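Asks: Following this message is one structure expressed as structure tokens.
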There are 2 protein chains.
Amino acid sequence: MINHRINTYMEYTMYDTLLQLPLFQGMSKAEFSEVIEKVKFHFHKFGDREVLFAQGATCDKLVFLLRGRLAAETVAPCGTFSFEELVEWPAIVEPHSLFGKRPCYKATYTAQGEVALLTIDKQYIYSVLDKYEVFRMNFFNLLSNKAEQLYESIWSIDAQELEGRLIHFIRSLCNTRRGTKVLRVKMEELANLLDDTRLNVSNVLNKWQEEGLVEMRRKEFVFHDVGSLRAL
Amino acid sequence: MINHRINTYMEYTMYDTLLQLPLFQGMSKAEFSEVIEKVKFHFHKFGDREVLFAQGATCDKLVFLLRGRLAAETVAPCGTFSFEELVEWPAIVEPHSLFGKRPCYKATYTAQGEVALLTIDKQYIYSVLDKYEVFRMNFFNLLSNKAEQLYESIWSIDAQELEGRLIHFIRSLCNTRRGTKVLRVKMEELANLLDDTRLNVSNVLNKWQEEGLVEMRRKEFVFHDVGSLRAL
């Protein structure tokens with residue numbers, strides 16, 4: 001009885017969490033109940049620092065972060081830098097990496113503290129989920145918004161001084177503006193990427209550190225609020 | 001009778017063209033016949049240099065290029081440059097701009113010679129098209145591939161000499177590698193965008209011109225094969 005109550009409570013909060021996510025928003029309770037009956041949900045728990053998915057691994061399931069926080073780190077193809085963002089619950093992990101020619105994770109996801117996930121195998125998108133218009137429209141919107149965001153990032157290039165170019169570079173790597181970001185790169189390599197001198201890049205970053213915009217560690221630059229970086 | 005024959009022939013070739021497009025690929029003839037019965041097709045013809053859609057205008061229909069060629073020009077938000085690509089039939093015009101928060105054309109489309117279009121109002125995606133699994137999967141794939149392409153473009157940044165950076169800049173603006181591209185920008189502005197001197201940028205472009213990689217006109221740089229541009 002107690003277990004039953006706990007399950008019911010857990011289910012309630014879980015469904016509540018799912019319904020907050022952009023994929024299920026707008027779905028009626030009745031539709032959502034149908035989905036729950038037909039779709040197989042897998043629950044996973046991970047401890048602190050456990051790796052959930054590796055960059056480049058096949059993405060073949062819808063992944064929902066129900067509780068906790070993930071660090072998502074992408075190593076650039078050139079190999080000289082990486083960029084890490086935090087993913088806070090509730091969230092869907094890379095819905096844009098499920099389809100297309102190369103359905104692979106674009107980042108390595110590591111638990112920060114305890115993490116609870118729910119996953120749904122990709123096959124259920126075909127067999128159940130996309131039978132619901134709300135789900136389809138939400139998914140079309142999710143994917144289109146992602147393309148729009150990336151497109152804007154590319155086209156926002158402008159003639160700028162080093163500080164502006166550094167801001168553009170950092171923002172182009174962000175999936176969201178929210179949360180802490182960590183750029184891992186040697187100062188020398190960062191200067192090369194921006195085609196400027198080590199000294200100039202170091203001057204900008206030191207100025208930012210004095211203004212509280214960045215925390216400089218060894219080969220790491222931590223930004224707690226990329227929105228506060230403003231081009232001059 | 002003659003008209004009937006002509007219509008049948010035209011319909012046949014039109015359907016044939018549509019079935020070649022990634023949105024309908026894999027659809028059975030029976031399914032496609034059903035679609036034709038339920039969906040309202042609009043046909044349009046445009047003469048040389050007529051503007052079909054303007055950058056920033058609302059994108060509220062599926063647009064199929066059935067015959068001819070379009071010039072698609074995007075003016076960058078900074079206003080200092082534009083980039084033009086050619087769209088050859090058969091093609092779908094910006095399927096990634098139909099959904100999301102800002103469903104607007106990203107380029108201005110102008111007919112190059114005579115052009116035949118078929119359009120389907122967005123409402124038919126909800127009411128008919130996305131009832132077909134093949135269509136949905138094709139659309140998910142189209143959108144995901146677009147996001148993947150843009151993502152790769154952003155992350156392919158590397159420490160490079162001016163020539164490599166110029167190639168990266170041009171390629172990041174391309175939707176396809178095929179066909180002629182026109183970059184419209186003053187040499188001085190291009191140098192500013194790349195944070196280099198006018199002389200250095202001019203030297204690279206003159207070298208490319210000697211190698212037949214670019215055609216330099218007044219404030220215009222024409223690339224007939226961006227694939228042949230190779231970083232050193």
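The values are calculated or read from the model by the stated rules, or taken from the named source; none is laboratory data. Note that the coordinates shown come from a computational prediction; the quantities given were computed from them, not determined experimentally. Cβ placement follows ideal geometry from the backbone for every residue including glycine, while neighbour counts extend to all protein chains displayed. Calculation scope for accessible area: heavy atoms of the full protein, side chains included, ligands and nucleic acids excluded. Shrake-Rupley method; radii C 1.70, N 1.55, O 1.52, S 1.80 Å.
Asks: Using a/c under 1.5 as the rounded threshold, could you call segment B:128-168 rounded, prolate or oblate? The axes a ≥ b ≥ c are square roots of the C-alpha gyration tensor eigenvalues, and prolate needs a/b larger than b/c, oblate otherwise.
Replies: prolate
Asks: While we're here: Going by a ≥ b ≥ c, the root eigenvalues of the Cα gyration tensor, does segment B:156-231 fall in the rounded group (a/c under 1.5), the prolate group (a/b larger than b/c) or the oblate group?
Replies: Rounded, because the longest to shortest axis ratio a/c is under 1.5.
Asks: Please build a GNM for chain A, connecting alpha carbons under 10 Å apart, and tell me which residue among A:Thr110, A:Thr80, A:Thr17 fluctuates the most.
Replies: Per the Cα network of chain A with a 10 Å cutoff, A:Thr80 tops the list.
Asks: In a Gaussian network model over chain A where Cα atoms closer than 10 Å are linked, find which of A:Phe99, A:Phe46, A:Phe139 has the largest mean-square fluctuation.
Replies: Comparing A:Phe99, A:Phe46, A:Phe139 in the GNM, the peak value goes to A:Phe99.
Asks: Could you work out [θ]222 nm for chain A from helices alone, using -39500 (n - 2.57) per DSSP H run of at least four and dividing by all its residues? Round to the nearest 500 deg cm²/dmol.
Replies: When only DSSP H runs of four or more count, the value is -12000 deg cm²/dmol.
Asks: Sort shortest first the distances from B:Gly79 to its counterpart in every other copy, using label points 7 Å along the Cα-to-beta-carbon line, and give them in nm.
Replies: Here B:Gly79 shows inter-copy label distances of 4.4 nm.
Asks: In whole Å, what is the distance between the alpha-carbon centres of segment A:168-232 and segment B:60-103?
Replies: 34
Asks: Within 10 Å of each candidate Cβ there may be at most 16 other Cβ atoms; applying that plus a DSSP loop requirement, which trypsin sites (Lys or Arg not before Pro) in segment B:140-187 survive?
Replies: Here the sparse-neighbourhood loop sites are B:Arg177, B:Arg178, B:Lys186.
Asks: Hey, another quick one. Which residues belonging to segment B:102-135 lose at least 20 Å² of 1.4 Å-probe accessible area when the assembly is complete, relative to their chain isolated?
Replies: Residues meeting the cut-off: B:Arg102, B:Lys106, B:Tyr126, B:Asp130, B:Glu133.
Asks: A follow-up question, please. Per residue of segment B:190-207, what does 6.51 cos²θ - 1.76 cosθ + 1.60 with θ = phi - 60° give for ³J(HN,Hα)? Whole Hz please, x for Gly and Pro, Karplus curve as stated.
Replies: Along segment B:190-207, the couplings run 4, 4, 5, 4, 8, 6, 9, 8, 4, 5, 4, 5, 4, 4, 4, 5, 5, 4 Hz.
Asks: Share of Cα-Cα pairs in chain A beyond 34 Å, in percent?
Replies: The share of Cα pairs beyond 34 Å in chain A comes to 25 percent.
Asks: Let me ask something additional. How far is it, in nm, from the label point at A:Phe41 to the one at A:Ala57 when both lie 7 Å from their Cα along the line to the Cβ?
Replies: Computed distance between label sites A:Phe41 and A:Ala57 equals 2.2 nm.
Asks: Determine the shape class of the protein assembly as shown: with a ≥ b ≥ c the square roots of the Cα gyration tensor eigenvalues, call it rounded for a/c under 1.5, and otherwise prolate if a/b is greater than b/c, oblate otherwise.
Replies: oblate
Asks: Separate question: Skipping prolines and chain starts, which residues have an amide H placed within reach, meaning under 5 Å, of the one on A:Trp89, given they are 5 or more residues away or on another chain?
Replies: Amide H neighbours of A:Trp89: A:Gly68.
Asks: Chains B and A: how much accessible area gets covered up at their contact, both sides added, probe 1.4 Å, in Å² to the nearest hundred?
Replies: Result for this pair: about 4400 Å² buried.
Asks: Which percent of the accessible heavy-atom area of the protein assembly as shown goes to carbon and sulfur, probe 1.4 angstrom?
Replies: 50
Asks: Please compute the net charge surrounding A:Tyr126, taking Lys and Arg as +1 and Asp and Glu as -1 over other residues with Cβ under 15 Å from its Cβ.
Replies: Residues close to A:Tyr126 contribute a combined charge of +3.
Asks: Can you work out the accessible area per residue across chain A, with the rest of the protein chains kept in place, probe 1.4 Å, in square angstrom?
Replies: On a per-residue basis, 48 Å².
Asks: Within segment B:2-154, what is the number of lysine pairs with alpha carbons under 13 Å apart, leaving out pairs fewer than eight places apart on the same chain?
Replies: Value for segment B:2-154: 4.
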